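Written below as structure tokens is the structure these notes are about.
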Amino acid sequence: MKKHLWLLSGLTALMLAGCSSNGEETGSAKEKATETEEVVETETATAATDKVKQTEPLVVYLNDFDELIEPLFEEKTGYDIELVVGNGAEVQSRIEAEKSNPNWDVVWLDGQGSFARWENDGILLENVSLESEGNLNDFGKSLVPASKAYYPTGAHAAGVIVYNTNEVKAEDAPKTWADLTNPAYKNMVGMADPAIAAPAYPFVAWFFEDLGMDGGKEYFTKLFENGTKVFPKNPNVVEALLSGDLKIAALQESNAYKMKQDGEPIEIVWPEEGAPASVRYAAISKDTDQEEVAKAFISFILEKETQDQMIAAGTEGFYTSSVKDVASPAARDEKAPLLIANPATAAQNEAEVKEWFADQSVQ
């Protein structure tokens, strides 16, 4: 808007100058030009007052949407950002290593348990109020912690059931998570390792919360006894499905829909009870010296226009938005029922669960 006003004022001055037969502006033209210039000056002064002056870029740690978000945010706000991109495990490890001397201002990442743990560690800014928080839908509001230390930007299935259609008929495919323990699927099933793959922990965290620690261990023990294979990360699970090493898998939905879009012989099943989800949250470092710019970044993510562009950004956009009136991709299941483990419970159980899975891989 301000750029248009500036260009319009220049065009108006030229037109008004042209209206004078002797090359001089009439009194009326001078008055109009002066009024227009005053409007521009007022707009510019307001912008300068509202906009926080940066001395260095806002540093954002994230695992997705980097190519999309940087130019959109900088163009919309005029602020500079520096993105540090890695997979979920890499970003988490970096934040843990930098606890005493954080080099980041904002973290935007999948995995609700990590944010609850960082809140407990006292490294997140609390009681954060955002311009766009009113944009949250009921689903999004339900995911905001009482501390307001982190805000949800969306959630996706950390695991859906995927089967190779060349190996398994539709009528024989598993329909629920309990079905995966069926002896009929012995040595057919695979999943990512929650001790290594960041999205895999929110997946297993729901089972340990829903069934209890003993019940969760019992369920996964049955899977392992039935020959379930554990791979380091979800892309490894994809490779195993394509090679025939696996016929069925619990796979992160973005990977599953990517396979589908690539024309691979797979089908996706959303279990009847729902799919354990990973929530993507954004939070601000307690030690940031760019609090207002950091708030502007998270507010930007929670704008409908931004969310619509994220949804349209390929398979990264396969998620349930936390913002009002934002629709998921048409190719995604209309219901897409998500089961979300409580962040605090996930954080509390994380060390024990990951250690237990690591022990199983050794056996």
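The values are calculated or read from the model by the stated rules, or taken from the named source; none is laboratory data. Predicted model only: the values in this text are computed from it and were never measured. With ideal geometry, Cβ positions are generated from the backbone for all residues, glycine too; neighbour counts draw on all protein chains shown.
When the residues of segment 244-263 are filtered to those that are among the small types (Gly, Ala, Ser), modelled with pLDDT of 95 or more and more than 18 Å from the chain's Cα centre (by Cα), the one that is nearest to PRO194 (Cα to Cα) is ALA250.
Identification of strands (runs of 3 or more DSSP E) wholly contained in segment 132-205 with 3 or more residues that are modelled with pLDDT of 95 or more and more than 24 Å from SER322 (Cα to Cα) yields 160-164, 189-192.
Can you tell me which residue within segment 206-236, out of those that are outside any helix (DSSP H, G or I) and of a type in the set (S, T, N, Q), is surrounded by the fewest Cβ atoms within 10 Å (Cβ to Cβ)? That would be ASN226. Taking every residue in segment 162-188 that is charged (D, E, K, R) and pairing it with any residue that is surrounded by fewer than 19 Cβ atoms within 10 Å (Cβ to Cβ), at least 6 positions away or on another chain, the pairs with Cβ-Cβ distances below 7 Å are LYS175/GLU272; LYS186/ASN226; LYS186/GLY227. Is it true that TRP104 is over 13 Å from the mean Cα position of the chain (by Cα), of a type in the set (A, V, I, L, M, F, W, C) and part of a helix (DSSP H, G or I)? In short, no. Filtered by the rule that a residue be surrounded by 19 or more Cβ atoms within 10 Å (Cβ to Cβ) and without any contact (Cβ under 8 Å) to a residue 24 or more places away in the chain, segment 286-318 gives ILE311, GLY317.
Taking segment 262-294 on its own, how many of its residues are in a loop (DSSP other than H, G, I, E, B) and farther than 16 Å from TRP118 by Cβ? Qualifying residue count, segment 262-294: 11.
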